[in-house]
Amino acid sequence: MRNLVYYVGVSLDGYIAGPNGEFDFFPVGADLTAWINAEYPETMPTHVREMVGLPPDVPNRRFDTVVMGRRTYEPARQAGLLSPYRHLRQYIVSRTIGSVDAPGVEVVDTDPLALVRRLKQEPDGLDIWLCGGGELAGQLSTEIDELVIKSYPVVAGAGIPAFAGGFLPTMFTPTARREFDNGTQVGWFRRT
């Protein structure tokens, strides 16, 4: 069975983006970029891959599907990038976008839990990447199997929380941790 993995960058105070969706305040060093390119290349948007030294045809290592909320998708859409991850199957959870005319992109305006449960039952394939945002992560928290948290050494003060929604304490077991030159730490956690 495939896993739902919330792979996300977070500030020290728990925000995945600023109040207006900003994420350029996260300090990304060369060693972190090299690590992402090697271990999680599919998480780089298609249009950014060449800029960060990834060949366009680098194979997916961990994910073949991405699920994201409207606000996570919106910056790409506003830039005219209707398919920001052409190398993945893309599901946009939104009741307001309508349809998107791009191959490999599907807008889901129904229950995201049903979507994820269906995707997890597919017999073959890599894991499913929950890209964001916090509201969607809150809705899908009961289906998240693993967290991969890039914890950046910065306090945002306000913004979009990693999880938004009701009070639902859920235990995860740390399985690994790695630190980078600028103090960014990546932690892996499995649902307990």
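Each value in this text was obtained by applying a stated rule to the coordinates, not by laboratory testing. This is a predicted model, so every value here is computed, not measured. All Cβ positions, glycine included, derive from the backbone under ideal geometry; neighbour counts span all protein chains shown.
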Selected residue (only one of PRO41, PRO56 is farther than 23 Å from PHE163 by Cα and in contact with an Asp or Glu (Cβ under 7 Å, 6 or more places away or on another chain)): PRO56
In the range 66-114, the residues that are of a type in the set (A, V, I, L, M) and either farther than 24 Å from GLU22 by Cα or without any contact (Cβ under 8 Å) to a residue 24 or more places away in the chain (or both): ALA79, LEU82, VAL100, ALA102, VAL105, VAL107, VAL108, LEU113, ALA114
Of the criteria (1) under 13 Å from LYS150 (Cα atoms); (2) in contact with a Phe, Trp or Tyr (Cβ under 7 Å, 6 or more places away or on another chain); (3) part of a helix (DSSP H, G or I), which one ILE36 fails: (2)
So THR173, is it part of a helix (DSSP H, G or I), among the hydroxyl-bearing types (Ser, Thr, Tyr) and on the phi < 0 side of the Ramachandran plot: no
ASP64 vs. criteria more than 15 Å from ASN3 (Cα to Cα) and of a type in the set (Asp, Glu): no
Residues being surrounded by 17 or more Cβ atoms within 10 Å (Cβ to Cβ) and either on the phi > 0 side of the Ramachandran plot or among the charged types (D, E, K, R) (or both) - total across the range 1-58: 3
Residue match in the range 95-105 (condition: in contact with a strand residue (DSSP E or B) (Cβ under 9 Å, 6 or more places away or on another chain) and under 16 Å from GLY9 (Cβ atoms)): no
Exclusive hit being within 17 Å of VAL116 (Cβ to Cβ) and under 15 Å from the mean Cα position of the chain (by Cα), set ARG61, ARG95, ARG2, ARG89: ARG89
